[in-house]
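Trainee: Quick one: this structure, given as structure tokens, is what I'll be asking you about.
Nothing in this text is a laboratory measurement; each read-out follows from the coordinates by a stated rule. Just so we're clear, the structure is a prediction, and the values are computed from it rather than from any experiment. All Cβ positions, glycine included, derive from the backbone under ideal geometry; neighbour counts span all protein chains shown.
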């Protein structure tokens, strides 16, 4: 391995800086700020550099506004719903207010259920638990495992060549499904390629075929606004840890009837209205499926993230699109680097870019970027094994893993440029060795 370029090592300091200039990695002024944007990390050969966090798609850093909201809530933290003490009532009010904040954030109908879970995987498993017996599920192989695996009875559709093909394939599969409850499960934004799926059109074909649609919005809501009512979506699931609120809370929002009719996802206190020789479960979907003491601080954090992002969409989208263009344009100049895409270069996408590097194993690329350049990326199959295999050429592909850069509010132009410089140096090494 080479030693790290000395130009990446900042001047010696007598203390850890409390703030860094934009060139050193802090996001554009006026955007919501994240905790840890100025964290120095060691690199091979000595010295430290500001961490270039390009792993937002796995877990986004905490927003400063979220950190402040949790700090304000901590002195008042208490049990919710059944306590009569002052702090319990204050905490209950904050918890239920968060439910309304989330409802507004995703544009859910006012009678929709908003159930707090641990994450998107938990939310999708809750929906699978609540779906009526015999429900026919249609899902694409391009899904994250959270949406691909929970279903007892599912038709898996192959990766579509175009968005239009996705719509026609879903239409055909739903039309051919057995009579009875039907559910189309689809992502809003791919966690592998960042490409946006036509969820509005898919919702239309679901409705035309008497089906419901459940949308995995984990990778969409940190990057774009979502309006369930306008899009006519039945269910939406997402995670706080993708949404700059990494405190272990998630959401399943949507139609209440299946959730109200199903036995509790977990059985225990809160889910029960009365316990004796028989048990009567809570009627409303929220307490019915939120047994036990909930993650109150995680929910407060999630609501704070929703409020903060809702105020800044225009600036955030412009910032992200500029960074994505910068990154993809730079990758296109590196012949040994191959970006993964389902629908081609012009497909709209969020700040997720995955790629392979000729002559390099994805894990080695990720480790080298971390140890020599202070860059954090993700490598592997991103909990989307069938999709990544498809993108890499099937089960017989030479490579079966890739590198993913996840951009967001903690990303700066310098981070992108540092990644491009690092990849240029890695590919030059391979080129020289091959020559």
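Trainee: Points 7 angstrom from Cα along the Cβ direction at residue 283 and residue 310: gap in nanometres?
Mentor: 2.8
Trainee: Add -39500 (n - 2.57) for each DSSP H run of 4 or more in the chain, then divide by its residues: what number comes out at 222 nm, to the nearest 500 deg cm²/dmol?
Mentor: Counting only the DSSP helices, I get -11000 deg cm²/dmol.
Trainee: How long is the gain from residue 165 to residue 367 if the chain were fully straight, where each residue apart is worth 0.36 nm and the alpha carbon distance is subtracted?
Mentor: Between residue 165 and residue 367, full extension yields an extra 69.0 nm.
Trainee: Past the 19 angstrom mark, what percentage of all C-alpha to C-alpha distances in region 164-247 do you count?
Mentor: 38
Trainee: If you rank 392, 127 by fewest surrounding Cβ atoms within 10 Å, what's the result?
Mentor: 392, 127
Trainee: Can you tell me the 0 to 90 degree angle between the C-alpha axis of helix 313-332 and the longest principal axis of the chain, rounded to 10?
Mentor: Once rounded, the angle reads 40 degrees.
Trainee: So what's the angle, to the nearest 10 degrees on a 0 to 90 scale, between helix 296-310 and the longest Cα principal axis of the chain?
Mentor: For helix 296-310, the angle is close to 70 degrees.
Trainee: Please express the shape of region 147-210 as an equivalent ellipsoid: the semi-axes are the square roots of 5 times the eigenvalues of the C-alpha gyration tensor, given largest first in whole angstrom.
Mentor: They are 19, 14, 10 Å, listed from largest to smallest.
Trainee: Calculate I(q)/I(0) for region 65-310 by the Debye formula, one identical point scatterer on each C-alpha and no solvent, and give its log10 at q = 0.12 Å⁻¹ to two decimals.
Mentor: -0.67
Trainee: Let me ask something else. As an exercise, use a Förster radius of 22 Å and the Cβ-Cβ distance of residue 153 and residue 204 to find the FRET efficiency, rounded to the nearest 0.05.
Mentor: So, using R0 = 22 Å, E works out to roughly 0.40.
Trainee: Starting from the 7 Å offset along Cα-to-Cβ, what nm value, one decimal, do you get for the label separation of residue 100 and residue 257?
Mentor: It is 2.7 nm.
Trainee: Follow-up question, since we're still on this one. Considering only DSSP beta bridges where both residues belong to the chain, give the percentage that are antiparallel (nearest 5).
Mentor: Rounded to the nearest five, the antiparallel share is 60 percent.
Trainee: Regarding region 76-139, what is the average projected area of its C-alpha convex hull, in nm²?
Mentor: Averaged projected area of region 76-139's Cα convex hull equals 6.2 nm².
Trainee: Oh, and also: Residues of region 273-311 with amide nitrogen under 16 Å from the 7 Å Cα-to-Cβ point of residue 76?
Mentor: Only 296-305 fall inside the zone, counting backbone N under 16 Å.
Trainee: Tell me the Rg and the Dmax, in Å, that the Cα atoms of region 282-381 produce.
Mentor: In Å, with Rg to one decimal and Dmax whole: 19.9, 60.
Trainee: At what distance in angstrom do the alpha carbon centres of region 283-299 and region 134-190 lie from each other?
Mentor: Taking the Cα centre of each part, region 283-299 and region 134-190 sit 29 Å apart.
Trainee: How high is the FRET efficiency between residue 321 and residue 274 when r is their beta carbon distance and R₀ equals 41 Å, given to the nearest 0.05? Could the numbers behind the result be given before it?
Mentor: Numbers: r = 54 Å, r/R0 = 1.31.
Calculated value: 0.15.
Trainee: Can you give me the orientation-averaged projected area of the convex hull built on the Cα atoms of the chain, in nm²?
Mentor: 23.3
Trainee: Mind checking the angle between helix 86-105 and the chain's longest principal axis? C-alpha axes, 0 to 90 degrees, to the nearest 10.
Mentor: Tilt relative to the chain: about 70 degrees.
Trainee: Looking only at region 65-310, where both bridge partners belong to it, what percent of the DSSP beta bridges are antiparallel (to the nearest 5)? It would help to have the intermediate numbers written out before the result.
Mentor: Values: 14 of 30 bridges.
Approximately 45 percent, going by the DSSP bridge assignments.
Trainee: For region 168-326, compute Rg over Rh where Rg is the Cα radius of gyration and Rh is the Kirkwood radius from the inverse mean 1/r over Cα pairs. Walk me through the intermediate numbers first.
Mentor: On the way: Rg = 18.3 Å, Rh = 17.8 Å.
Checking Rg against Rh, the ratio lands at 1.03.
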